Amino acid sequence: IGTVLKKTYFNQQYGFNYLTTFSITKADDPVMIFGSSRAVNIFNPAVIEKELNLSCFNAGRIGQSIFYHYAVLKTVLKRYKPQQIILSFDAGNFDKDQEDYDRLSSLLPYYKSNPEIEPVINLKGPYEKIKMISSIYPFNSLLLPILNGNMKKDNSYYSNIKGFMANKKTTRSPARTVDYTKKAALDSKKIEIYKAFIDECTRAGIELHIVCPPYLVNAIGNDLSIETAKKIAAENKIDFIDSSRDSFYLRQPQLFADFRHLNWKGADLFSKKVADLIGRN
């Protein structure tokens, strides 16, 4: 059963699992983007390619944390060295959240073939090594996505968008008020992995840019995760572009799909801005 599941998993030509497999095994672009849904919906490789004259791939995945991004980075560096990496960073990225550990299950199919990600997956729980003896366990929570990913054989859509998924909605809501003065508890493991991400790029000689895209938010105080990430980046002489409070976007809600995500119009504008800033370095 495990052998059949493995074969059908890696036979997928559609969906998020296909994009993860492509990121881990095939992507070889000079510019790579990492991050969660805000990376997937906001950083348009087509715009970045035009501005930088370099091929670009968006390796972000919706709902994932720095654990996932670091694991995929490790697999990429085993194959080749990108020239530039953009890591999308969000408010609350360092907050304690058990779901970020649980979502590491999406990496289980790559556990045995990519030993470099084993330490990250082991963060999921103390018994992962034992569970991985089973050939079925890596695919337990992926049965429906595997079926869906095998139903469509044409991967041209996903190949053409290069990991970017434009959001076609436009919000009808005004800016949301968020109080950052109520400090959340930070997860030391996330901070440790964030530092490791920076270290891997530095050792490989990769130009790293950490970017926090805009929010449609009237913020009270400062988000502790962003402030901490910014400080660590500065200590390591890494470029940190904080656009979380960019007044240009705050004045134009029509560029947002919701308070966290830019829509396709806003994404293209912001992608161009980031590419312009990177191109000046």
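The values are calculated or read from the model by the stated rules, or taken from the named source; none is laboratory data. If you're wondering where the values come from, they're calculated on a predicted model, not measured in any experiment. Methodologically, a virtual Cβ is constructed for each residue, glycine included, from the backbone with ideal geometry; neighbour enumeration extends over all protein chains shown. Side chains are part of the model used for accessible areas, which takes the heavy atoms of the whole protein and leaves out ligands, DNA and RNA. Shrake-Rupley method; radii C 1.70, N 1.55, O 1.52, S 1.80 Å.
Comparison of 155, 167, 160 shows that the only residue that is within 30 Å of residue 49 (Cβ to Cβ), open to solvent by 60 Å² or more (accessible area, probe 1.4 Å) and modelled with pLDDT under 95 is 160. Every listed requirement among (1) out of contact with any Cys (no Cβ under 6 Å at 6 or more places or on another chain); (2) within 24 Å of residue 256 (Cβ to Cβ); (3) crowded, with 24+ Cβ neighbours inside 10 Å is met by residue 68 save one, (2). Figure legend. Inter-residue proximity from the range 250-262: first residues more than 13 Å from residue 41 (Cα to Cα) and in contact (Cβ under 8 Å) with a residue 12 or more places away in the chain, second residues part of a helix (DSSP H, G or I) and among the polar types (S, T, N, Q), beta-carbon distance below 7 Å, spacing 6+ or different chains. No pairs are indicated. Scanning for something β-branched (Val, Ile, Thr), in a loop (DSSP other than H, G, I, E, B) and over 16 Å from the mean Cα position of the chain (by Cα), does the range 209-227 turn up at least one residue? The answer is no, given that none of the residues of the range 209-227 is β-branched (Val, Ile, Thr), in a loop (DSSP other than H, G, I, E, B) and over 16 Å from the mean Cα position of the chain (by Cα). The numbered conditions (1) β-branched (Val, Ile, Thr); (2) under 19 Å from residue 86 (Cα atoms); (3) more than 18 Å from the chain's Cα centre (by Cα) are all true for residue 274 except (3). Among the conditions (1) open to solvent by less than 10 Å² (accessible area, probe 1.4 Å); (2) assigned to a helix (DSSP H, G or I); (3) modelled with pLDDT under 95, residue 107 misses just one, which is (3). Scanning the range 42-52 for residues that are assigned to a helix (DSSP H, G or I) and open to solvent by less than 20 Å² (accessible area, probe 1.4 Å) gives 42, 45, 48.
Listed here are the residues, each with its yes/no results for (1) open to solvent by 30 Å² or more (accessible area, probe 1.4 Å); (2) among the charged types (D, E, K, R).
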| site | (1), (2) |
| --- | --- |
| 202 | yes, no |
| 207 | yes, yes |
| 232 | no, no |
| 242 | yes, yes |
| 250 | yes, no |
| 272 | yes, yes |
| 280 | yes, yes |
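Within the range 173-198, if we keep just the residues that are of a type in the set (D, E, K, R) and not in a helix (DSSP H, G or I), the residue that is nearest to residue 262 (Cα to Cα) turns out to be 176.
Quick check, is residue 202 in contact (Cβ under 8 Å) with a residue 40 or more places away in the chain and closer than 27 Å to residue 57 by Cα? Against the criterion (in contact (Cβ under 8 Å) with a residue 40 or more places away in the chain and closer than 27 Å to residue 57 by Cα), residue 202 does not qualify. In the set (1) at pLDDT 95 or above; (2) closer than 25 Å to residue 123 by Cα, the condition left unmet by residue 185 is number (1). For residue 248, the conditions (1) within 30 Å of residue 76 (Cβ to Cβ); (2) part of a helix (DSSP H, G or I); (3) not hydroxyl-bearing (Ser, Thr, Tyr) are fulfilled apart from (1).
For the range 123-140, the condition of being surrounded by fewer than 20 Cβ atoms within 10 Å (Cβ to Cβ) and within 23 Å of residue 198 (Cα to Cα) holds for at least one residue.
Matching residues to (1) open to solvent by 20 Å² or more (accessible area, probe 1.4 Å); (2) touching a Ser or Thr at 6+ places or on another chain (Cβ under 9 Å):
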site: 3; (1), (2): yes, yes
site: 15; (1), (2): no, no
site: 19; (1), (2): no, no
site: 29; (1), (2): no, yes
site: 38; (1), (2): no, yes
